[in-house]
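Participant: This is the structure I want to talk about, given as structure tokens.
The values are calculated or read from the model by the stated rules, or taken from the named source; none is laboratory data. What you are looking at is a predicted structure, and each value in this text was computed from that prediction instead of being measured. Side chains included, ligands, DNA and RNA excluded: accessible areas come from the protein's heavy atoms. Shrake-Rupley method; radii C 1.70, N 1.55, O 1.52, S 1.80 Å.
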Amino acid sequence: MAAFRSIERSTASIAEQIREISAASEQIAAGTEQVSASTAELSALSSKSAEGAQVTAEAVERQMEAVRNIHSSAQLLSERYADLQRLVNRFKL
């Protein structure tokens, strides 16, 4: 019976990690969409006047922040994947 409880706890932990991975994946997707939208905006602004160049520099800063967020989310996703792999490997026959 204790073995089943252990499996149940581990399964619940794995399910939670899967939910966390899913959330991180959604964050990465949202960040990627934000970077894509910012890139399109930058292209349009760069063809305008010198004032457009200043707007572009500010947009680049937002893009860099989005890239940093994506990188951070990707690291979290990688860590969650490694945790999940370790848990799954414990149950392989």
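Participant: Angle, helix 2-46 long axis vs. longest principal axis of the chain, Cα atoms, 0 to 90°, nearest 10?
Facilitator: Helix 2-46 sits roughly 10 degrees off the main axis of the chain.
Participant: Pull out the extension gain between ARG5 and VAL88, defined as 0.36 nm times the separation in residues minus the alpha carbon to alpha carbon distance; nm, one decimal.
Facilitator: Result for the pair: 28.3 nm of gain on full extension.
Participant: Given the Cα-Cα distance of ALA15 and THR39 and 0.36 nm per residue of separation, how much length would full extension add, in nm?
Facilitator: 5.1 nm
Participant: For the chain, what does the relative contact order come out to in percent, with C-alpha contacts under 8 Å and a separation of six or more?
Facilitator: RCO, the chain: 41 percent.
Participant: In square angstrom, rounded to the nearest 10, how much accessible surface does SER10 have for a 1.4 Å probe?
Facilitator: For SER10, solvent-accessible area is about 10 Å².
Participant: Please give the calculated 222 nm ellipticity per residue for the chain, where each DSSP H segment of at least 4 residues contributes -39500 (n - 2.57) and the sum is spread over every residue; nearest 500 deg cm²/dmol?
Facilitator: -34500 deg cm²/dmol
Participant: On C-alpha positions alone, give me the angle between the axis of helix 50-90 and the longest principal axis of the chain, in degrees, nearest 10.
Facilitator: Tilt relative to the chain: about 10 degrees.
Participant: Between LEU76 and SER22, what is 0.36 nm times their sequence separation minus the Cα-Cα distance? Round to one decimal in nm.
Facilitator: Working it through step by step, the gained length comes to 18.3 nm.
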